[in-house]
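The values are calculated or read from the model by the stated rules, or taken from the named source; none is laboratory data. None of the values given here were measured: they were computed from a predicted structure. Note: ideal-geometry Cβ built from the backbone for every residue, glycine included; neighbour counts use all protein chains shown. The area values use the complete protein model at the heavy-atom level, side chains included, leaving out ligands, DNA and RNA. Shrake-Rupley method; radii C 1.70, N 1.55, O 1.52, S 1.80 Å.
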Amino acid sequence: DTGVSQDPRHKITKRGQNVTFRCDPISEHNRLYWYRQTLGQGPEFLTYFQNEAQLEKSRLLSDRFSAERPKGSFSTLEIQRTEQGDSAMYLCASSSKFIRGSAYNEQFFGPGTRLTVL
Amino acid sequence: KQEVTQIPAALSVPEGENLVLNCSFTDSAIYNLQWFRQDPGKGLTSLLLIQSSQREQTSGRLNASLDKSSGRSTLYIAASQPGDSATYLCAVEGAQKLVFGQGTRLTINP
C-alpha cells in the first residue's frame, strides 16, 4: 500500500499528558500537511512542510503543539499538556506536483488519528 | 481570509436520483479546488481536482464544475447509489494549504 499512513489510529489520554502522532506520507511526496477536524466541521489547516522545512504554521497551533519532519520523510505532531479542547481527528496529507499522473499539488489524506482527552 | 460554504448541510434522496452539491468561496485567487468524500470516522478520499484554469472534471458518475469568477463549484452525482452515502467536502487551495467547507452529509435511501 503506497498511501498515507498514520499511527496510532486512536488515542485516549488524560488531561495534562503529552501525546505524539506519526504520519508517513506517500513515497517521494515532498510536501506534508497536518489538519485538525472537530465533529461536524471541515478540516482546518495546522502546518505544512516542504521536505524537512516547516514553511507555515496556523494560529491554531499553540505553543503546546510542535511538528517535525527531520529527514523530509515521516512527520510527528506532538501535543504537550493536553486539554479537553484538543479532542479531535488529526489528519495528515501529502502532495507533490512532480509525480506523474498526479494533478498539481493534489493532496492525499491518511486515515487520521482520533484523539480523545478525558 | 478565504471562506468556503457548502449548501445544503444535509441531503437525503432516494436511490437513482441525480443530485447537485454546491460549494462557494469568497476569494477567487485560488490554485485549484478539490472535492473529497469522507465516511464516518474515516479520513478523506480525493474525488476530483479542478485546476484554476479548468472549468470541469469528470470521473465516472461524478462531474465537478468550477466558476472562479463567481466563486462557485458544483459536484454532480448521476444515478445515485446507497454506497454514495457519505459527507462530501470541497476545499480550495491558496498559498499551499486547503481551506475546507463544512461539508454536505448525503444519504441515499434504497
(message) Looking at segment A:1-10 only, could you name the residues that are away from chain B (no Cβ under 12 Å) and hydroxyl-bearing (Ser, Thr, Tyr)?
(response) A:Thr2
(message) I'm trying to understand the selection: among the residues of segment B:22-39, which are away from chain A (no Cβ under 11 Å) and among the polar types (S, T, N, Q)?
(response) B:Asn22, B:Ser24, B:Thr26, B:Ser28
(request) Please go through segment B:17-30 and pick out each residue that is under 22 Å from A:Tyr33 (Cβ atoms) and surrounded by fewer than 16 Cβ atoms within 10 Å (Cβ to Cβ). (result) B:Thr26, B:Asp27, B:Ala29
(request) State yes or no: is B:Ser53 outside any loop (DSSP other than H, G, I, E, B) and among the polar types (S, T, N, Q)? (result) no
(request) Could you please let me know if A:Arg64 is more than 23 Å from B:Cys90 (Cβ to Cβ), open to solvent by less than 10 Å² (accessible area, probe 1.4 Å) and more than 10 Å from every other protein chain (Cβ to nearest Cβ)? (result) no
(message) Residues that are more than 14 Å from chain A (Cβ to nearest Cβ), at negative phi and open to solvent by 50 Å² or more (accessible area, probe 1.4 Å): list the strands (runs of 3 or more DSSP E) wholly contained in segment B:66-110 that include at least 1 such residues.
(response) B:72-77, B:104-109
(message) Six or more apart or on different chains, Cβ atoms under 8 Å: show the pairs whose first residue is in segment A:68-80 and more than 17 Å from A:Lys57 (Cβ to Cβ) and whose second is not in a loop (DSSP other than H, G, I, E, B).
(response) A:Gly72/A:Phe49; A:Ser73/A:Asp24; A:Phe74/A:Arg22; A:Phe74/A:Cys23; A:Phe74/A:Asp24
(request) Tell me, please, whether a residue that is farther than 28 Å from A:Gly112 by Cβ, more than 12 Å from every other protein chain (Cβ to nearest Cβ) and open to solvent by 60 Å² or more (accessible area, probe 1.4 Å) can be found in segment B:40-53. (result) no
(message) Could you check segment A:54-85 and list, in sequence order, the residues that are polar (S, T, N, Q), in a strand (DSSP E or B), out of contact with any Lys or Arg (no Cβ under 6 Å at 6 or more places or on another chain) and within 20 Å of A:Phe109 (Cβ to Cβ)?
(response) A:Gln54
(request) Scan segment A:11-51 for residues that are assigned to a loop (DSSP other than H, G, I, E, B), within 14 Å of another protein chain (Cβ to nearest Cβ) and either among the polar types (S, T, N, Q) or closer than 14 Å to A:Arg114 by Cβ (or both) and jot them down. (result) A:Asn30, A:Thr38, A:Leu39, A:Gln41, A:Pro43, A:Asn51
(message) Being assigned to a strand (DSSP E or B), closer than 30 Å to B:Ile30 by Cα and more than 10 Å from the chain's Cα centre (by Cα) is the requirement here; does A:Ser94 meet it?
(response) no
